[in-house]
Amino acid sequence: QVQLVESGGGSVQAGGSLRLSCTAYGVTYSMDCLGWFRQAPGKEREGVARLYSDGSGSRIDATSYGDSVKGRFAISRDIARNTLYLQMNSLKPEDSGMYYCAARFSVDSAGTCFQDPDVSFTFWGQGTQVTVSS
């Protein structure tokens with residue numbers, strides 16, 4: 001049974017940083033499409049960042065970011081720890097919301113990973129709350 005568990009959320013002042021983690025159980029990250037999404041109250045779920053690995057063993061993963069977080073957020077993974085990260089810097093109040101990690105496997109290209117809608121992701125974590133105060 002695949003389970004994704006997020007952690008690292010919390011409250012921070014504007015300009016601060018947080019690092020979110022998402023550890024996978026029951027599966028090993030290999031040829032994967034992984035992502036972070038967020039949802040604020042009364043708003044639709046928004047894609048934050050995605051990471052694609054073709055399983056070739058290359059240390060370079062392809063990444064994609066939402067326009068609102070480019071240059072401030074960074075998605076990465078640690079294969080040995082089976083964990084996905086989201087480093088969030090220069091946080092703004094509008095970054096507040098529930099953050100979810102998600103995964104889908106056996107994806108054949110970065111394009112598919114980055115362009116398919118969020119409903120294409122098979123597995124989701126329970127979410128971790130991020131609150132940024134001004």
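The values are calculated or read from the model by the stated rules, or taken from the named source; none is laboratory data. As the structure is a computational prediction, the values presented were derived from the model and not from experiment. Glycine also receives a Cβ, built like all others from the backbone with ideal geometry; neighbour counts cover every protein chain displayed. Calculation scope for accessible area: heavy atoms of the full protein, side chains included, ligands and nucleic acids excluded. Shrake-Rupley method; radii C 1.70, N 1.55, O 1.52, S 1.80 Å.
Does GLY66 meet the test of being more than 19 Å from GLN126 (Cβ to Cβ) and either open to solvent by less than 10 Å² (accessible area, probe 1.4 Å) or touching an Asp or Glu at 6+ places or on another chain (Cβ under 7 Å) (or both)?
Spelling it out, GLY66 is indeed more than 19 Å from GLN126 (Cβ to Cβ) and either open to solvent by less than 10 Å² (accessible area, probe 1.4 Å) or touching an Asp or Glu at 6+ places or on another chain (Cβ under 7 Å) (or both).
Can you name every one of the strands (runs of 3 or more DSSP E) wholly within region 71-134 that holds 2 or more residues which are among the hydrophobic types (A, V, I, L, M, F, W, C) and under 23 Å from PRO41 (Cα atoms)?
Ranges flagged: 83-88, 97-105, 128-133.
How many residues does region 47-60 hold that are part of a loop (DSSP other than H, G, I, E, B) and either at pLDDT 95 or above or open to solvent by less than 40 Å² (accessible area, probe 1.4 Å) (or both)?
Residues that pass the stated criteria total 1.
Anything in region 17-35 that is under 21 Å from GLY47 (Cα atoms) and not aliphatic (A, V, I, L, M)? List them, or say none.
Those that are under 21 Å from GLY47 (Cα atoms) and not aliphatic (A, V, I, L, M): SER17, ARG19, SER21, CYS22, THR23, TYR29, ASP32, CYS33, GLY35.
Counting only residues that are aliphatic (A, V, I, L, M) and either modelled with pLDDT of 95 or more or under 9 Å from the mean Cα position of the chain (by Cα) (or both), which one in region 61-92 is nearest to TYR25 (Cα to Cα)?
Among residues in region 61-92 that are aliphatic (A, V, I, L, M) and either modelled with pLDDT of 95 or more or under 9 Å from the mean Cα position of the chain (by Cα) (or both), the one nearest to TYR25 (Cα to Cα) is LEU84.
Here are ALA80, ALA24, ALA102, ALA74: which of them is under 21 Å from GLN3 (Cβ atoms), of a type in the set (Gly, Ala, Ser) and surrounded by fewer than 18 Cβ atoms within 10 Å (Cβ to Cβ)?
So the residue among ALA80, ALA24, ALA102, ALA74 that is under 21 Å from GLN3 (Cβ atoms), of a type in the set (Gly, Ala, Ser) and surrounded by fewer than 18 Cβ atoms within 10 Å (Cβ to Cβ) is ALA80.
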